[in-house]
Amino acid sequence: MLILGLTHPICWNTAACILVDGELVAMVEEERLNRIKHAPRMAPKLAMDYCLKQAGVDLQEVDCVAVGFDRGMETAVGNFRSEANLLSSMNQADKQLPLDGYDPSRVIFTNHHLAHAASAFFASGFDEANILTLDGSGGSESGTLAVGRGTEISVLKAISNRSSWGLLYEEITEKLGFRPHSGEGKVMGLAAYGVPDPLGLPCVDWTGEIPTIDPQRRKAFVEKLVPRKKDDAITAEHKDLAATLQDTLERAAACMAEWLFRETGIRRLCLAGGTALNCSMNGKLALLPFVDDIFIQPAAYDAGTALGAALSVHVAKTGQRPPWRMQHAYWGPEYSNAEIETALASYGERLHFRRSPDICQETAGLIAEGKIVGWFQGRSELGPRALGNRSILGDPSRPGMKDQINLHVKHREPWRPFAPSILEEEIARYIDRPRSSPYMILAFDTKIERHAEMCSAMHVDGTIRPQTVSRETNPRYWMLIKRFQEITGIPVVLNTSFNVESQPIVNAPQEAIDTFLDCGMDVLAIGDYLAWKNVA
Ligand SMILES: [Fe+2]
């Protein structure tokens, strides 16, 4: 059974994946291939071609194509002014689907929030779980509270587009001078610098079964906010607004998780939808007393609906749960040493390089010396975080490292934090209630006595958004950090995505080399090669 999953081209970020007998074989976001950040409202054509090639089949051999959006949209307004507006956008976007010549009766459109829910629940390996999906708008709703049991996902409550939590976050993100659908993570980061109003945002009604946003009060509140221009100073008021928004969202999501627990008695939680990329919220939910375990797949946003649609079609066609659960994020393209060497050689006098006898040992030594290293290895990661295959790495214990990478490498605001990659078996050294966290999607408080070891990979409020690195799922990255620990005593490296601001994460060697040459990185460790810039 071959199922190709696609994000609908009406979405803000798109991807393709392929399941072979229920096992994920390949998945990649379109932005990594077409080099347009998020590839908004674009068909995942290159991503689809990559997935088919990786599975060794052509489109006609695929049993069905699953798309993570359908037309159940009676109440849809969200980002569209009217239903007619949405319908015409849908019709146009449908035409973009790269399925020329493919039998339309084998194309299955899945409800968007069901696709979000399935992307988490069927990938989690949990027999039973509560499921919370939250986004800006996705068809007829902006969120669902659901329960998954075996092969079934049942929606217990839906959140309308008019009361969208994701939309509220988007609107305030825009008022704070950041790009909606993109800058939400910055607002979350900014929130740590402010003081939340204990009353929360004035547009939330806390009296029902779950908190809801009153659309009129939301509109009035957002309209009254004075917009900050992109280059204006960030004031205490901006920070406090971000903090209040973040705190309100966290408290509301906790109420929703609690409502689900009371309804089902289940102590496991799955999250999906763009709002589930909010790692501060996720970390708070993970620590709730009635949540024993939590699962969020790395492409929680719309790209992930390609996977959710494919998994739910697999269940519908076979009556079985897929014999697979997601244990890592490495589903994208990879390049051989021969391809890498050819790419490096094509830069002539601009750089010099050599093959390393032990790339992990040498790179660990360079990081320990204070060098900033581009680290390009194996298959690219799914989702917005680099997880040790397309990463920029540094020594997390050097106080100046954060500023150096923000200013000279990433070209982004000095207050933006970085995250640590930690050997999985060492996580208890840094956080209470240790757990594995492979996707940098949960934020936790750090033990104060360990702050010095990762001062440059920690947020201003002492929280970290760790990636726990397992020897099984990424042996090369694990070995690099192990070697760094042998030199420094610290089983942690600072890890940020291999890109500069506003660029998608690099995919191919040439993009990695171009980025390396254009910014303040010291060394590039790519495949088995080390490369340095030739300074004129
Ligand atoms: Fe969505």
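The values are calculated or read from the model by the stated rules, or taken from the named source; none is laboratory data. Quantities reported herein were computed from a predicted structural model and do not represent experimental measurements. Here the Cβ is made from the backbone with ideal geometry for all residues, glycine too, and neighbour counts use every protein chain on show. SASA here: full protein model, heavy atoms, side chains in, ligands and nucleic acids out. Shrake-Rupley method; radii C 1.70, N 1.55, O 1.52, S 1.80 Å.
List pairs: first residue in the range 155-171 and more than 20 Å from Ile131 (Cα to Cα), second residue aliphatic (A, V, I, L, M) and part of a helix (DSSP H, G or I) anywhere in the structure, Cβ distance under 7 angstrom, at least six positions apart or on different chains.
Qualifying pairs under 7 Å: Tyr169/Leu245; Tyr169/Leu249; Glu171/Val222.
Is one or more of the residues making up the range 488-507 small (Gly, Ala, Ser), part of a strand (DSSP E or B) and under 16 Å from Gly365 (Cβ atoms)?
no
Yes or no: the range 185-194 includes at least one residue that is closer than 26 Å to Leu4 by Cβ, open to solvent by 40 Å² or more (accessible area, probe 1.4 Å) and not basic (Lys, Arg).
Of the residues in the range 185-194, the ones closer than 26 Å to Leu4 by Cβ are none.
No.
Give Leu145, Leu132, Leu114 a once-over and let me know the one that is open to solvent by 40 Å² or more (accessible area, probe 1.4 Å), under 21 Å from Cys270 (Cα atoms), out of contact with any His (no Cβ under 8 Å at 6 or more places or on another chain) and at pLDDT 95 or above.
Of the residues listed, the single one that is open to solvent by 40 Å² or more (accessible area, probe 1.4 Å), under 21 Å from Cys270 (Cα atoms), out of contact with any His (no Cβ under 8 Å at 6 or more places or on another chain) and at pLDDT 95 or above is Leu114.
Considering (1) open to solvent by less than 20 Å² (accessible area, probe 1.4 Å); (2) modelled with pLDDT of 95 or more; (3) more than 13 Å from the ligand (Cβ to nearest atom), say which one Asp127 fails and leave the rest.
Result: Asp127 fails condition (1) only.
Just checking: which of the helices (runs of 4 or more DSSP H) contained wholly in the range 98-195 hold 2 or more residues that are under 30 Å from Lys229 (Cα atoms) and touching a Gly at 6+ places or on another chain (Cβ under 9 Å)?
So the answer is 165-175.
Are any residues in the range 6-45 polar (S, T, N, Q) and within 16 Å of the ligand (Cβ to nearest atom), and if so, which ones? Before the answer, list the steps.
Within the range 6-45, the first condition is being polar (S, T, N, Q), and the residues that meet it are 7, 13-14, 34.
Residues satisfying the conditions are Thr7, Asn13, Thr14.
So for the range 433-446 (the condition being without any contact (Cβ under 8 Å) to a residue 24 or more places away in the chain, over 18 Å from Lys284 (Cα atoms) and surrounded by fewer than 19 Cβ atoms within 10 Å (Cβ to Cβ)), does at least one residue qualify?
no
Show the residue pairs meeting these rules: Cβ distance below 6 Å; 6+ apart or different chains; first residue within the range 95-114 and within 16 Å of the ligand (Cβ to nearest atom); second residue among the hydroxyl-bearing types (Ser, Thr, Tyr).
Thr110/Ser312; His113/Thr133; His113/Thr144
Could you list all residues from the range 209-238 that are over 25 Å from Gly283 (Cα atoms), assigned to a loop (DSSP other than H, G, I, E, B) and of a type outside the set (D, E, K, R)?
Leu225, Val226, Pro227, Ala233, Ile234, Thr235
Specify the residue that is nearest to Ile526 (Cα to Cα); the eligible residues are those in the range 480-489 that are hydrophobic (A, V, I, L, M, F, W, C) and surrounded by 18 or more Cβ atoms within 10 Å (Cβ to Cβ).
Of everything passing the filter in the range 480-489, Leu480 is nearest to Ile526 (Cα to Cα).
Do we find that Lys239 is without any contact (Cβ under 8 Å) to a residue 40 or more places away in the chain and either open to solvent by 20 Å² or more (accessible area, probe 1.4 Å) or closer than 23 Å to Trp415 by Cα (or both) in this structure?
no
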